[in-house]
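A.B. asks: Following this message is one structure expressed as structure tokens.
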Amino acid sequence: MMWLAVLVLALVAGTIGGIVGFGSSIMLMPALVLAVGPKDAVPILAIAGLMANLSRTAVWWREVDWRVVAAFSATAIPMTALGARTLVALDARAVQVALGVFFLAMIPLRRWLLASGLKVGLGGMALAGAGIGFLSGLVTSIGPINTPFFLAFGLVKGAFVSTEAMASLLMGLTKSGVFRTFGLMPGEIAVQGLIVGSALTVGSWLSKHLMLKIDVGQFRLLMDALLLIAALVMLLGAL
């Protein structure tokens, strides 16, 4: 029953994430922590996230800005590996507390970044990639911080969704490789990640038809609510 609920939530999360470019992992993390625990939830979401980002890239393939992907990934990939290696050394309770604090911090930080009128070029994307890459290795979702930088470069709609998804896909591959190296992604975890990722993928394809019908302001409020709920679940579960 728990896994059925996870899959239904994954379908909804994939649809929402496909529209706004992030949020799938934030929605899924509390449910997966309840189902398998925080330590296993991270690699499961790493695989599921790969599938979700691959599908988002495929949906908007012609609009990917490869200059941004290259600049961002040049620093993000090595720093993601470092962040994932750091995560391996942490215990499960520390991971859960870190996730809760991170999600809480995202609420004001995301709003500040969006309101600051930030403008970045390719050099700025490379600098952002270093910090975001490290965070990506540590936590399941960096979309709330990731998003403002890609928007500040001038990417919108399909170009934003596909370019951010491609960059996240490369970080996800790096993180999965580190988890595999340190034995955190056995066969059972990989299969669970593929199952959850399949539901996210279906949601990503459904999202294309809804992209133009969504009010941005409503989704910003929705993401703040999701971040708050996810943070409370993580912190209360660690008590």
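A.B. asks: Which of 44, 77 has the fewest other C-beta atoms within 10 Å, and how do the rest follow up to the most? List each step's numbers first, then the result.
C.D. replies: Details: 44 27, 77 18.
Listing 44, 77 from fewest to most nearby Cβ atoms yields 77, 44.
A.B. asks: Okay, next question. Would you order 163, 181, 201 from fewest to most other beta-carbon atoms within 10 Å of each residue's own beta-carbon?
C.D. replies: Working: 163 26, 181 13, 201 23.
Least to most surrounded, the residues fall as 181, 201, 163.
A.B. asks: Continuing with the same structure: Note down the nm distance, to one decimal, between modelled labels 7 Å out along Cα→Cβ at residue 157 and at residue 105.
C.D. replies: 3.5 nm
A.B. asks: In addition: Roughly speaking, what is the stretch gain from residue 118 to residue 63, that is 0.36 nm per residue apart minus the C-alpha to C-alpha distance, in nm to one decimal? Please list the in-between numbers first.
C.D. replies: Working: separation 55, 0.36 × 55 = 19.80 nm, distance 2.23 nm.
Using 0.36 nm per residue and subtracting the Cα-Cα distance, I get 17.6 nm.
A.B. asks: Same structure, new question: Which ordering of 47, 26 is given by a fewest-first count of other beta-carbon atoms within 10 Å?
C.D. replies: With the fewest neighbours first, 47, 26 line up as 47, 26.
None of the figures in this text is laboratory data; all of them are computed from the coordinates on show. Small disclaimer: the values here were computed from a predicted structure and weren't measured. We place every Cβ from the backbone using ideal geometry, glycine too, and count neighbours over all the protein chains shown.
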